[in-house]
Amino acid sequence: MNTDWHTIIIGAGAAGLFCAPFAAAAGPTLVMDHAKKPGEKIRISGGGRCNFTNMYAEPSNFLGQNPHFPKSALARYTPWDFVALVDQAGVKWHEKTLGQLFCDEKSTQIVQMLTQRLTDAGVTLSLGSTVSAVQKEPQGFQLDTSHGRLRCRNLVIATGGKSIPKMGATGFAYDIARQFGHDIIDTQAALVPFTFPDGRFSALSGVSLPVRVWNDRASFEEALLFTHRGLSGPAILQISSYWQPGGGVHIDLTHGLDLLATLRAQRQSAGRRQLSTELSRHLPARLVEFLATEWAGLVDLTQRLADQSDKALEALVARLSDWQLTPSGTEGYRTAEVTLGGVSTDGLDSKSMMSKTVPGLYFIGECVDVTGWLGGFNFQWAWASARAAGQHIADS
Ligand code: FDA
């Protein structure tokens, strides 16, 4: 292997793979990864179909200490720019819901598209490679690697966040950032299911329904899924990014229903019906059964509709519209789709993703303190931040 490179990118995930062909326009470029295959998270993403972008991606879909930071990169590389590449590669796609674009066939088509771009640009991809030390030199960087000592002018850190350590996620980016004097915003598992003690919802495992879920920071209208260990589904994954340990969440189980009007009408026409029977016509029966026990002493769902006053119906609907729960925790990095926090954007230039204090050192993708919502936003950040860095290397 050559020992002198114009650019070395560490991490052959979404961001590293996408950055390389842009950087290669300026000189020899090497992408290194300790994994045996590139783009493994792309492969498993979107249930194997890769939700590769979101056509409505905007800075407001991202969390981070500085909400303005992602604006520049996102504006200069839009979802439609990536869709154009996907079209060019002949990969068929569709919108599933809420602007989320998925491959019609397999997520590996996106990995193939990205690795083909590396080949076309003459980028060297070195898998199963490790980096044990990085030092600054007057004209760039010196790396101690499993291929010996390598030198480069530009060093791009694209090693992602901490989620799914089993797949090779490490805190490498944070270590390098700290080494070069950058701050790290505390990291936390995000887009992750909630857990509750003692299998509280295990009887409901597999039950799913549309809800609105909210706390004092955000609100989402998507599906909720009960699991053996707690709560999951898109609505829960979304709110988990805005949740702090000890915090509560509110769930509107009547989302999309005009339940009060329905109950009032049914009281007239089917007054002998039990409340639980009527509720089971609108909500999953297993959930109604569960709530009857959970709320025993507060509400008696065995009562007849005809025996309910307006006030009683209003109180029942209010309870169903604002079910307040306090998770004991989350499933953590083991299953989290992303890592909240990371390399502080204070130390990075938002146009190029380059360190403000160490010229030639770049941080891109998930390792940066920019975290997207569920729905293709995290890949869009990976593409946009990678393009910003790669283009800057090419232009300088
Ligand atoms: P990424 O994690 O992709 O790549 C980092 C690379 O660095 C890896 O190849 C790793 O092996 C390598 N690496 C780490 N440490 C290293 C070290 N010390 N030395 C050498 N190499 C090292 N997003 C989305 O928008 N749509 C979706 O459908 C999904 N679906 C999804 C499903 C699941 C199960 C997960 C876990 C995540 C998603 N995501 C997602 C999130 C998305 O996968 C994620 O945000 C991007 O992959 C981040 O891209 P990066 O390139 O920054 O990191």
Total charge of the residues flanking N51 in space, meaning their Cβ is under 11 Å from its Cβ, with Lys and Arg +1 and Asp and Glu -1, is 0
Summing Lys, Arg as +1 and Asp, Glu as -1, what charge do residues with Cβ under 15 Å from the Cβ of V299 carry, V299 excluded? -4
Distance in nm between pseudo-label sites at K37 and M55 (7 Å out along the Cβ direction from Cα): 3.0
Go through the range 260-269 residue by residue and turn each phi into a ³J(HN,Hα) via Karplus (6.51, -1.76, 1.60, θ = phi - 60°); whole Hz please, and just put x for glycine and proline. 4, 4, 5, 5, 4, 5, 5, 4, 6, 8
For the range 203-348, the percent of all C-alpha pairs falling in each 10 Å bin, from 0 up to the bin holding the max distance, is 10, 37, 29, 15, 6, 2, 1
Angle check, please: helix 79-88 long axis (alpha carbons) against the longest principal axis of the chain (alpha carbons), in degrees 0 to 90, nearest 10. 70
Order the peptides 149-159, 76-86 from the highest to the lowest mean number of other Cβ atoms within 10 Å of their residues. 149-159, 76-86
Could you derive backbone 3J(HN,Hα) for the range 207-224 from the dihedral phi with the Karplus parameters 6.51, -1.76 and 1.60 (θ = phi - 60°), listing whole Hz in sequence and x where the residue is Gly or Pro? 6, 9, 7, x, 9, 10, 10, 8, 9, 6, 10, 7, 9, 9, 10, 8, 7, 10
With only helices counted (DSSP H, runs n ≥ 4, each -39500 (n - 2.57)), the per-residue ellipticity at 222 nm for the chain, to the nearest 500, works out to -8500 deg cm²/dmol
For D395 and N2, compute 0.36 nm times the residue count separating them, minus their Cα-Cα distance, and round to one decimal in nm. 139.2 nm
Flagged as over-length at 19 Å C-alpha distance, from K71/K92; K41/K162; K71/K136, the pairs are K71/K92; K71/K136
Express in whole angstrom the spacing between the alpha-carbon centres of the range 172-215 and the range 76-108. 27
Go through the range 228-239 residue by residue and turn each phi into a ³J(HN,Hα) via Karplus (6.51, -1.76, 1.60, θ = phi - 60°); whole Hz please, and just put x for glycine and proline. 4, 9, x, 10, 9, x, x, 4, 6, 4, 4, 6
With springs only between Cα atoms under 10 Å, which of S280, S72, S45 fluctuates most in a Gaussian network model of the chain? S280
Between R272 and D310, what is the label-point separation in nm under the 7 Å Cα-to-beta-carbon projection? 2.7
Roughly how tilted is helix 285-294, in degrees to the nearest 10 and between 0 and 90, from the longest Cα axis of the chain? 80
Quick one: which residues, 5 or more positions from W93 or on another chain, have an amide H under 5 Å from its amide H? H modelled 1.01 Å from N in the peptide plane, none for Pro or chain starts. D104
What FRET efficiency, computed as 1/(1 + (r/R0)^6) with R0 = 30 Å and r the Cβ-Cβ distance, is obtained for T326 and H68, rounded to the nearest 0.05? 0.35
At R0 = 25 Å, FRET efficiency that the Cβ-Cβ distance of K166 and D349 yields, to 0.05: 0.15
In the range 304-392, how does Rg compare with the Kirkwood Rh, expressed as the Rg/Rh ratio over alpha carbon atoms? 1.36
Name the long-range amide H neighbours of T145: under 5 Å, sequence gap of 5 or more, or other chain; modelled H, no Pro or chain starts. S132, L150
Could you give the dipole magnitude of the range 308-348 about its Cα centre, charging the beta-carbon of Lys and Arg +1 and that of Asp and Glu -1, in debye to the nearest 20? 140
Quick query: amide H of I9 versus all other amide H atoms, modeled in the peptide plane; which residues come in under 5 Å with a sequence gap of 5 or more or a different chain? L30, V31, M32, V156
Which percent of Cα-Cα pairs in the chain sits in each 20 Å bin, short to long? 27, 47, 20, 6, 0
Between T145, T335, T227, which gets the highest mean-square fluctuation from a Gaussian network model of the chain, Cα cutoff 10 Å? T145
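Excluding E221 itself, what net charge comes from residues whose Cβ is under 9 Å from its Cβ, given Lys and Arg +1 and Asp and Glu -1?
Net local charge, E221 excluded: -1.
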State the percentage of accessible surface on the chain attributable to carbon and sulfur atoms; use a 1.4 Å probe and exclude ligands, DNA and RNA. 49
W295/S202 FRET efficiency (R0 30 Å; Cβ-Cβ; nearest 0.05): 0.95
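The values are calculated or read from the model by the stated rules, or taken from the named source; none is laboratory data. Here the structure is a predicted model, which means the values were calculated and not measured. Cβ: placed from backbone, ideal geometry, glycine included. Neighbour counts: every protein chain shown. When the accessible area is computed, the model is the full protein with side chains, heavy atoms only, and any ligands, DNA or RNA have been set aside. Shrake-Rupley method; radii C 1.70, N 1.55, O 1.52, S 1.80 Å.
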